[in-house]
Amino acid sequence: MKKLFLLAIAFMAMGLVMSAQGVFLAPTVASPEIAKDGSVTFKLKAPAADSVRLIIDSRVDTLMKRTGNETWSITLRDLEPDLYMYYYIVDGLKVLDQENAQVLRDVKTVMSTFVLDPKGDSPVATHDVPHGKVEAVWYDSPTLKTKRRMMVYLPAGYDEGRQKYPVFYLLHGTGGDETVWLEQGHAAQVLDNLIAEGKAEPMIVVMPNGHTDTPAAPGLGPNSNEQPTFAHKQWMEGTFESSFNDIVSWIDNNYRTRAAKRYRAIAGLSMGGYHTLYISANQPDDFAYVGLFSAAIGRMDQGKSKIYDDLEDKLITQFKQRPRLYWIGIGKDDFLYKDNVNFRGMMDKNRLRYTYYESGAGHEWANWRDYLVIFTQLLFK
């Protein structure tokens with residue numbers, strides 16, 4: 001009798017769990033819906049709401065319309081193929097798209113996401129091509145006396161072959177970490193697609209964590225309760241630049257690399273562009289390709305470290321050794337635009353040759369993904 005009673009209780013509990021799962025899995029509305037013509041329809045079931053707004057990146061902020069008694073909807077027809085992050089504002093409260101399981105984090109902001117690729121040719125989308133792989137590795141940093149985490153992209157065929165590869169060091173911005181170029185930048189998709197199309201050389205891409213006061217992205221280091229923040233104690237004060245050779249040495253010792261200047265590139269966005277500027281200027285023998293993506297030039301380089309001293313003289317020395325490419329890209333509406341104009345003025349005064357690319361919009365991922373696509377195709381040719 002006791003067994004039968006316990007069995008009955010177990011079935012009742014299972015029924016409650018299945019019922020609860022049924023509630024959460026019950027279909028409501030499909031969102032987002034991407035049509036063949038590239039239009040995107042967003043729907044939200046919010047019957048008690050008085051107002052619903054759709055926010056997409058920094059590009060769209062628009063009111064949605066009530067359609068029926070329970071649902072709000074809007075269709076956008078002018079979005080360019082790209083990766084998008086979005087959320088709703090319902091009566092002043094931020095809400096994710098409950099019908100979309102795809103989410104990304106931007107510092108502390110979590111947003112729903114989708115890729116728009118109506119013609120099947122966007123370099124940031126996943127296509128049916130040979131795929132590389134991404135490894136999350138911990139490396140020893142003797143300079144910082146700690147272990148740190150970074151992500152390493154290996155091109156398709158790396159495990160099956162014995163050849164050596166050039167290395168591209170790709171650095172993130174202030175709000176990022178070692179994961180952000182993969183998550184928001186779609187770096188793996190970009191490399192897979194460009195390599196498969198023969199537009200980029202097969203290469204290893206190394207994405208380290210640029211904040212030396214934390215060993216890894218929030219939740220992935222020893223302090224699993226660490227919260228994302230812009231307010232890092234160590235970010236543009238010299239420690240990352242001073243310890244960068246630890247990364248290069250570890251990569252050369254653990255992967256099949258072509259360990260010479262001719263086969264090394266470095267680039268970064270915003271803070272990562274700032275790091276790139278000073279790492280390459282202080283190590284003119286190490287990087288043949290340099291990329292500054294919306295670089296935070298002139299923001300933090302006063303009296304912090306000897307790394308930042310005598311930049312103009314260091315650049316002159318660097319260019320005497322003729323880097324194969326020095327690439328500068330920025331949006332015309334970027335808040336760092338004037339700083340970059342001044343920097344290029346100094347370069348022009350000293351007749352230092354560089355490639356300049358000016359895009360629309362401002363300090364945002366839409367530009368940085370484009371810069372990655374453009375810059376990567378110029379490497380190791």
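Derivation of every value follows stated rules applied to the coordinates shown; laboratory data play no part. As the structure is a prediction and not an experimental result, all values here were calculated from the model. Note that we place each Cβ from the backbone using ideal geometry, even for glycine, and neighbour counts take in every protein chain shown.
How compact is the chain by the rule of thumb for globular proteins, expressed as Cα Rg over 2.2 N^0.38 Å?
1.14
Under 20 Å from the Cα of LYS119, which aspartates and glutamates turn up, not counting those fewer than eight places away in the same chain?
GLU33, ASP37, ASP78, GLU80, ASP82, ASP128, ASP192, GLU197, ASP370
Using only Cα atoms, tell me the angle between helix 187-196 and the longest principal axis of the chain; keep it within 0 to 90° and round to the nearest 10.
70
If you line up the long axis of helix 337-349 against the longest principal axis of the chain, both from Cα atoms, how many degrees apart are they, to the nearest 10?
Compared with the principal axis, the helix lies near 20 degrees.
Post the alpha-carbon centroid distance, region 90-159 to region 63-82, in whole angstrom.
Comparing the Cα centres of region 90-159 and region 63-82, I get a distance of 26 Å.
Enumerate the aspartates and glutamates that LYS332 could reach by cross-link, defined here as Cα to Cα under 14 Å, with residues fewer than 8 away along the same chain left out.
The qualifying aspartates and glutamates are GLU358, GLU364.
To the nearest 10 degrees, how steeply does helix 365-376 sit against the main Cα axis of the chain, on a 0 to 90 scale?
The two axes meet at around 50 degrees.
Which chymotrypsin sites (Phe, Trp or Tyr not before Pro) in region 58-96 sit in a loop by DSSP (not H, G, I, E or B) and have at most 10 other Cβ atoms within 10 Å of their own Cβ?
Sites meeting the loop and neighbour criteria: none at all.
Only residues of region 257-279 count here: report those whose backbone N is under 19 Å from the spot 7 Å along Cα→Cβ of TYR337, or say none.
Backbone N within reach: 270-271.
Per residue of region 58-66, what does 6.51 cos²θ - 1.76 cosθ + 1.60 with θ = phi - 60° give for ³J(HN,Hα)? Whole Hz please, x for Gly and Pro, Karplus curve as stated.
Calculated HN-Hα couplings, in order: 10, 9, 9, 9, 9, 6, 9, 10, 6 Hz.
Give the lysines reachable from LYS306 as a straight Cα distance under 23 Å; neighbours fewer than 8 places away on the same chain don't count.
Within the straight-line cut-off, LYS306 pairs with LYS145, LYS233, LYS314, LYS320.
In whole Hz, what ³J(HN,Hα) sequence does region 92-99 give by Karplus (6.51, -1.76, 1.60; θ = phi - 60°), x for Gly and Pro?
Here the 3J(HN,Hα) series is x, 9, 6, 9, 6, 6, 5, 8 Hz.
Give the long-range amide H neighbours of ALA200: residues separated by 5 or more places, or on another chain, with amide H under 5 Å away, using H modelled in the peptide plane at 1.01 Å from N.
Sorted by chain and number, the residues that satisfy this are ILE195.
Quick one: 3J(HN,Hα) in Hz for region 236-246, Karplus 6.51/-1.76/1.60 with θ = phi - 60°, rounded, Gly and Pro as x.
Result, ordered by residue: 10, 10, x, 5, 5, 4, 5, 9, 5, 4, 4 Hz.
Which percent, to the nearest 5, of DSSP beta bridges fully inside the chain are antiparallel?
The antiparallel fraction comes to roughly 65 percent.
For ARG256 and ARG59, what does the FRET efficiency come to when R0 = 45 Å and r is the distance between their Cβ atoms, rounded to the nearest 0.05?
So the FRET efficiency works out to roughly 0.65.
Can you check what the net charge comes to around THR28, using other residues whose Cβ is under 14 Å from the Cβ of THR28 (Lys, Arg +1; Asp, Glu -1)?
-2
Say we join alpha carbon atoms closer than 10 Å with springs in a Gaussian network model of the chain; which of PRO32, PRO155, PRO222 then has the biggest fluctuation?
PRO222
Among the listed pairs LYS147/LYS338; LYS94/LYS147; LYS147/LYS261; LYS261/LYS338; LYS65/LYS338; LYS36/LYS199, which are separated by more than 29 Å between their Cα atoms?
Working: LYS147/LYS338 38 Å; LYS94/LYS147 37 Å; LYS147/LYS261 26 Å; LYS261/LYS338 31 Å; LYS65/LYS338 40 Å; LYS36/LYS199 27 Å.
The pairs that break the limit, which is 29 Å between Cα atoms, are LYS147/LYS338; LYS94/LYS147; LYS261/LYS338; LYS65/LYS338.
Can you classify region 32-108 as rounded, prolate or oblate using the Cα gyration tensor, where a ≥ b ≥ c are the square roots of its eigenvalues, rounded means a/c under 1.5, and otherwise it's prolate if a/b beats b/c and oblate if not?
oblate
Under the rule of at least 5 residues apart or a separate chain, name every residue whose amide H is placed under 5 Å from the amide H of LEU171.
ALA267, GLY268, LEU269
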